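**Q** Please see the structure below; I have some questions.
Laboratory data are not the source of any read-out in this text; all were calculated from the coordinates shown. Quantities reported herein were computed from a predicted structural model and do not represent experimental measurements. Counting neighbours? That spans all protein chains shown, and the Cβs are built from the backbone with ideal geometry, glycine included.
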């Protein structure tokens with residue numbers, strides 16, 4: 001049922017609008033407000049799918065109401081109601097975010113069509129928000145253990161904000177999955193998610209990789225090149241294994257965080273960037289700070305929110321779910337029937353010491369699917385999953 005608020009100081013016109021809409025569709029739930037102040041209070045307390053708002057009203061005119069609603073609940077479509085002398089103002093309200101305007105006295109067909117289109121738009125915006133909150137299957141977080149449930153709750157709270165997040169945990173635990181969840185559930189999901197493995201880039205190249213360079217900045221800089229921060233502008237950058245970053249690069253990342261500016265290597269020109277930084281490491285950064293290999297001021301900038309991803313040995317209850325997930329995914333990739341695992345095979349795998357964490361479990365599941373029987377047995381695990 002669509003909920004519509006009519007803000008109109010003239011009682012006769014208000015009643016006409018409510019009557020027309022009520023007779024058009026019995027699924028419209030209509031509420032009235034005799035002026036802008038009353039209307040805004042209703043919007044603060046309740047959820048509406050559409051607002052019809054007069055322009056000329058006492059206490060607070062329609063333009064002020066429009067601007068106030070856009071600050072409180074910007075997703076609500078607002079249709080302005082204009083008298084003959086208000087048309088210029090009505091057109092101006094479109095620039096301020098109004099969905100449309102209708103003239104007094106309201107033309108029946110124009111009114112109904114405008115209301116339908118506005119409600120369709122509201123539904124589309126709602127569907128897009130739901131889709132945006134869904135994470136692509138490539139980065140599913142599998143498990144229902146308490147620790148994974150807690151991580152998911154933190155992500156849901158943190159993702160819509162721009163708070164910086166530091167993800168810690170051993171190799172192979174899925175830190176990159178947490179990073180992708182944070183990005184894909186955020187308002188930056190429409191922008192790029194740029195990944196940088198700081199451990200895989202030589203220290204002498206990391207600054208150029210992150211911030212770009214100008215032609216001639218160093219021997220192999222034969223042309224100007226943008227860096228990862230510029231590529232991530234409007235989106236997120238995931239700095240994986242940040243504990244391996246050089247001190248000079250750390251200083252530049254710190255400046256980017258503090259001032260939202262970067263400089264390409266070899267240039268003194270500032271470039272504004274709007275980037276959310278998500279970092280990850282398998283190192284104890286506090287120990288690295290004590291050794292002098294990691295900047296303490298950068299650590300405190302990055303670690304606004306800390307998410308610790310547990311080792312697989314700390315979440316053994318999730319192993320059956322992970323096995324089923326990997327078996328389905330691997331069988332799909334190989335174009336074969338999905339193999340099941342016997343209860344005893346699963347129990348044995350739960351007892352293993354998974355030093356390589358989820359990454360190792362996936363490799364073992366793939367090996368068992370290829371080499372095991374139609375149903376992977378306890379004996380198959382003993383033969384082919386040996387450590």
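**Q** Between the range 306-333 and the range 35-113, what is the separation of their alpha carbon centroids in Å?
**A** Answer, in whole Å: 51.
**Q** Could you identify which residue out of 229, 218, 294 has the top mean-square fluctuation in a GNM of the chain using Cα springs shorter than 10 Å?
**A** In the Gaussian network model the winner is 218.
**Q** Then there's this: Once both labels are modelled 7 Å past Cα along the beta-carbon direction, what's the residue 72-residue 336 spacing in nm?
**A** 6.1
**Q** Which order, highest average first, do 251-258, 146-153 follow once you tally other Cβ atoms within 10 Å for each residue and take the mean per peptide? Let's see the in-between values first.
**A** Values: 251-258: 17.1, 146-153: 14.5.
Listed from highest to lowest mean packing, they are 251-258, 146-153.
**Q** Would you mind pulling out the separation of the Cα centroids of the range 1-29 and the range 173-197, in Å?
**A** Cα centres, the range 1-29 to the range 173-197: 44 Å.
**Q** Between residue 87 and residue 274, with labels modelled 7 Å along Cα→Cβ, what's the label distance in nm to one decimal, could you check?
**A** 3.6
**Q** With label points built 7 Å along Cα→Cβ from the Cα atoms of residue 152 and residue 289, find their separation and express it in nm.
**A** 3.3
**Q** By count of other Cβ within 10 Å, fewest leading, how are 141, 94, 1 ordered? Intermediate values should be presented prior to the final figure.
**A** Working: 141 16, 94 12, 1 8.
Ordered by Cβ neighbours within 10 Å, fewest first: 1, 94, 141.
**Q** Run the numbers for residue 42 and residue 347: contour at 0.36 nm per residue of separation, minus the present Cα-Cα distance, in nm.
**A** This chain segment gains 104.1 nm when fully extended.
**Q** In deg cm²/dmol and to the nearest 500, what is the mean residue ellipticity at 222 nm of the chain if only DSSP H runs of at least 4 residues count, each as -39500 (n - 2.57), divided by the residue total? Could you put the intermediate results ahead of the total?
**A** Numbers: 16 runs with 177 residues, N = 387.
Rounded to the nearest 500, the figure is -14000 deg cm²/dmol.
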